[in-house]
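Working notes for the structure below.
Nothing in this text is a laboratory measurement; each read-out follows from the coordinates by a stated rule. Keep in mind that what you see is a predicted model, and the values were worked out from it rather than measured. Methodologically, a virtual Cβ is constructed for each residue, glycine included, from the backbone with ideal geometry; neighbour enumeration extends over all protein chains shown.
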Amino acid sequence: MGKRIVILGAGFGGLACATMLRKNIGQEHRIIIVDRKKEFMMGLVKLWVLNGTRKLEDSQTSLASLNAKGIEYLNNEVTTIQVAKDRVEVKEHGWLEYDYLVVALGTELAPERIEGFVGRGFNLYDPKQVPQLREKLLALKQGRVVISIMGGPYKCPPAPYEAAMMISDMLVGNGTRGAIELEVFAPSPIALPVAGPKVSSDVVDMIGRYGIRFSPNCKPKLVRDGEIEFENGRRERYDVLVGIPPHRGPDVVKNSGLAAGEWIPVDRQTLRTQFENVFAIGDVTEIKIGQLAMPKAGIFAEGEAKVVAQEIIDEISGRQPQVTYNGQGYCYVEAGNRMAGYVEADFYNTSGPVFTLDAPSEKYFEKKHDFERTRLREWLL
Ligand SMILES: Cc1cc2nc3c(=O)[nH]c(=O)nc-3n(C[C@H](O)[C@H](O)[C@H](O)COP(=O)(O)OP(=O)(O)OC[C@H]3O[C@@H](n4cnc5c(N)ncnc54)[C@H](O)[C@@H]3O)c2cc1C
């Protein structure tokens, strides 16, 4: 009997999982993937749109090509997840029953949680706002650009620091950098709590070399015209405010009984939820590592997706499970001027998480572009 595997979300994790499954199980098993979006675009592309090396309209890849690969793609909203009845509801399609469910619905952005931010600041993580942000930065002749990380956890912890260095580089090219101050404000006591104090201070040094200041312990309270106020009472003037807004779990997940608070707790090695045939991967999950949680990044969503796919393949084939998730990942920290640093992380290391950061080089910049190319080719082209 063929099995029916339903994957919710055709983002980083969902696409990696569907692709690996399709390559390894027979056509009698159906793989159905549901997403409200018609196109896929990697998160990191937003920074290339910001620095003008990419156009948004050239960066979206249609999800419709999944059908030709034998993955049934439903373009609509998931409205209900009923784990007790092994079914999900998809708008305009009705109920969809499953033998295995993989929840890969990512996060939602909640800029409205910061009073006064919407309409005054730019949301760096909203692709539609990035071209306008670029125009505004290029039009600024002098003044102050404030980059505020507005809460945690947020996707891709190094991204605000990458954005700061890339903005600096843009302003150098524009001939205005000397007249514009750049500062990053983080709510945490160190730059990257998920990567520990050493990498955090390396990152602060890295942005310091571009003349970018860093202020920790600054969680925004409210935004006024030209001024941001932090919970610690500090007030800072801005000419352009770039925000990384608070993130929240998708409502459909919160209403499903799978989440504990915002995110879905999973077994850190198998990615199973409390329901045996329901897995969750990527940004929608929370995997606690001591006081920390695994960061929200595509590389982890992808690694988890492959483990889940292998578990389902093994189970369908009647084999003993062959793999468990190892908590390892990496990312390229773009620094402008065709350079990128490289962070490697091992969260499940037995004596505690370990991290390294390599200095920016052109080699890592090229690898970052390969990172996108190879995945698009494998998943969608
Ligand atoms: C600026 C920036 C730079 C980044 N750089 C990197 C990087 O260099 N390396 C890296 O590893 N990661 C990076 N990331 C993070 C990465 O993009 C995310 O962590 C990754 O996409 C998470 O994958 P996911 O599958 O969990 O969720 P997503 O990729 O967000 O996919 C979730 C999908 O679910 C869909 N969805 C949600 N709710 C519903 C619903 N109710 N009905 C139907 N569909 C729904 C969404 O449309 C979406 O397509 C970056 C992110 C940003 C914003």
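Below are the figures for this structure:
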| quantity | calculated |
| --- | --- |
| Efficiency of FRET from Cβ geometry, Glu366 and Lys254, R₀ 41 Å, rounded to 0.05 | 0.50 |
| Contour minus Cα-Cα distance for Arg272 and Asn174 (0.36 nm per residue) | 30.3 nm |
| On Cα atoms only, tilt of 159-174 relative to the major axis of the chain in degrees | 50 |
| Whole-Å semi-axes of the ellipsoid equivalent to the range 271-381 (Cα gyration tensor, √5λ, descending) | 29, 19, 12 |
| Residues in the range 324-364 reached by a label modelled at Lys198 [backbone nitrogen below 13 Å; 7 Å Cα→Cβ] | 344-346, 352-358 |
| For peptides 192-202, 89-99, sequence by mean Cβ density within 10 Å, most packed first | 192-202, 89-99 |
| Spin-label pair Glu28/Arg237, simplified geometry with 7 Å Cα→Cβ offset, distance in nm | 7.3 |
| Largest-first principal axis extents, alpha carbons of the chain, Å | 68, 46, 38 |
| Cubic angstrom per residue, convex hull over Cα atoms of the range 60-103 | 96 |
| Acute angle (nearest 10 degrees) that the helix 12-24 long axis makes with the longest principal axis of the chain, alpha-carbon atoms | 30 |
| Antiparallel DSSP beta bridges within the chain, as percent of all bridges there, nearest 5 | 50 |
| For the chain, calculated [θ]222 nm from helices alone, where every DSSP H run of n ≥ 4 adds -39500 (n - 2.57) | -8000 deg cm²/dmol |
| Protection proxy ranking, peptides 165-175, 149-159, average beta carbon neighbours within 10 Å, highest first | 149-159, 165-175 |
| The range 52-201: mean projected area of Cα convex hull, nm² | 13.5 |
